[in-house]
1. Could you grab me the full set of residues in segment 346-368 that are part of a loop (DSSP other than H, G, I, E, B) and surrounded by fewer than 17 Cβ atoms within 10 Å (Cβ to Cβ)?
2. Which condition from (1) closer than 15 Å to residue 29 by Cβ; (2) touching a strand residue (DSSP E or B) at 6+ places or on another chain (Cβ under 9 Å) is the one that residue 111 breaks?
3. Hand me the list of strands (runs of 3 or more DSSP E) wholly inside segment 253-345 holding 1 or more residues that are within 24 Å of residue 378 (Cβ to Cβ).
4. Taking segment 288-317, which residues are touching a strand residue (DSSP E or B) at 6+ places or on another chain (Cβ under 9 Å), under 17 Å from residue 246 (Cβ atoms) and in contact (Cβ under 8 Å) with a residue 60 or more places away in the chain?
5. Report, by residue number, each residue of segment 85-109 that is outside any helix (DSSP H, G or I) and under 24 Å from the mean Cα position of the chain (by Cα).
6. Of the residues that make up segment 57-64, is at least one in the same structural domain as residue 92 (by TED's automatic domain parsing) and part of a helix (DSSP H, G or I)?
7. Hey, any hits in segment 11-29 for a residue that's exposed (fewer than 14 other Cβ atoms within 10 Å of the Cβ), modelled with pLDDT under 95, in a loop (DSSP other than H, G, I, E, B) and within 19 Å of the chain's Cα centre (by Cα)?
8. Can you tell me which residue within segment 32-51, out of those that are out of contact with any helix residue (DSSP H, G or I) (no Cβ under 7 Å at 6 or more places or on another chain) and not in a helix (DSSP H, G or I), is surrounded by the most Cβ atoms within 10 Å (Cβ to Cβ)?
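The values are calculated or read from the model by the stated rules, or taken from the named source; none is laboratory data. In this text the structure is predicted, and so the values were computed from the model without any measurement. Backbone-built Cβ (ideal geometry, glycine too); neighbour counts: all protein chains shown.
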């Protein structure tokens, strides 16, 4: 029964840094705080300030929505389940493990924080190693979820059955281990009365929701049965450097692909960081700059050439997505390595910021340079005259 209960996450919180913020907030009050409405408002303000600060730092293309008290209750509930806080006599207090994490937060040791939280999450939630293993059994160690665009729907003359069947054919070709029951899919389409929806935008939205749910349910054997649950797990494993994801083209179809940047065995060619948890080991691909420099430089060049515009610039977010997938590294490691490359060979790269036309989101962040003055950039250029036979 305990194992079954641990197979789901107790909250729908995507951002683990919310947990950091709450733990720090309790520490700021001496490590102990009254469990009342005033406290929850104080913690809610901290989370909203964190979201505003992040949006300001990266120049998000949208204003973060304020969170409500329900989110605070959910985080507190999970922190208690994880034994990072305790509740006695209507007081919330940091546990020893909670204090250890606060110490890492104060040290600004983000990498070690991720490793500690990865161990905690893997220990408490069976769904996370299961999620990783389901990705691993696919031939490419990745799972695609197709996007149904207007062009795809038009190609099949607004026929939802033909549209989705073609998407699944492409998906099955890319991931042969995934098996689909077309009759089940047709039943889902009929149950949602897709053919009765006249407005194309609404039909597309409904079709997308159906195919996402269908793929997720089949790949994860109904242990994960909704896009919302999938997103929470995907966001957490990505932040913890266990997976990464991006939008890619598969035979003319756009798809979100999640892929492993970790493994249950030491299978990566360079530096690997090991996490021992209660059921086994996880090895995170975390190569050193010296090990990956040559391959990284070639990958950046090739993906820049594939994505550059008429002005000679490429979106950093697009280059990042492709390089990370090719080298199986995290977004944060890409950013670190790109800064290293620029520091060592300044003439090789140029950066610019195109402003409002560059949509900045959590997954499409700019590069931020703090010195000699704080600047953020959304596009890069490889200066071709400074190439030195990289390809």
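1. Of segment 346-368, the ones part of a loop (DSSP other than H, G, I, E, B) are 353-354, 358-366.
Answer for segment 346-368, where residues must be part of a loop (DSSP other than H, G, I, E, B) and surrounded by fewer than 17 Cβ atoms within 10 Å (Cβ to Cβ): 353, 354, 359, 361, 362, 363.
2. The failed condition is (1).
3. 253-260
4. If the condition is that a residue be touching a strand residue (DSSP E or B) at 6+ places or on another chain (Cβ under 9 Å), under 17 Å from residue 246 (Cβ atoms) and in contact (Cβ under 8 Å) with a residue 60 or more places away in the chain, then 300, 304, 314, 315, 316, 317 are the ones that fit.
5. 108, 109
6. Yes, that holds for at least one residue.
7. Checking segment 11-29: at least one residue is exposed (fewer than 14 other Cβ atoms within 10 Å of the Cβ), modelled with pLDDT under 95, in a loop (DSSP other than H, G, I, E, B) and within 19 Å of the chain's Cα centre (by Cα).
8. Restricting to residues being out of contact with any helix residue (DSSP H, G or I) (no Cβ under 7 Å at 6 or more places or on another chain) and not in a helix (DSSP H, G or I), the top hit is 35.
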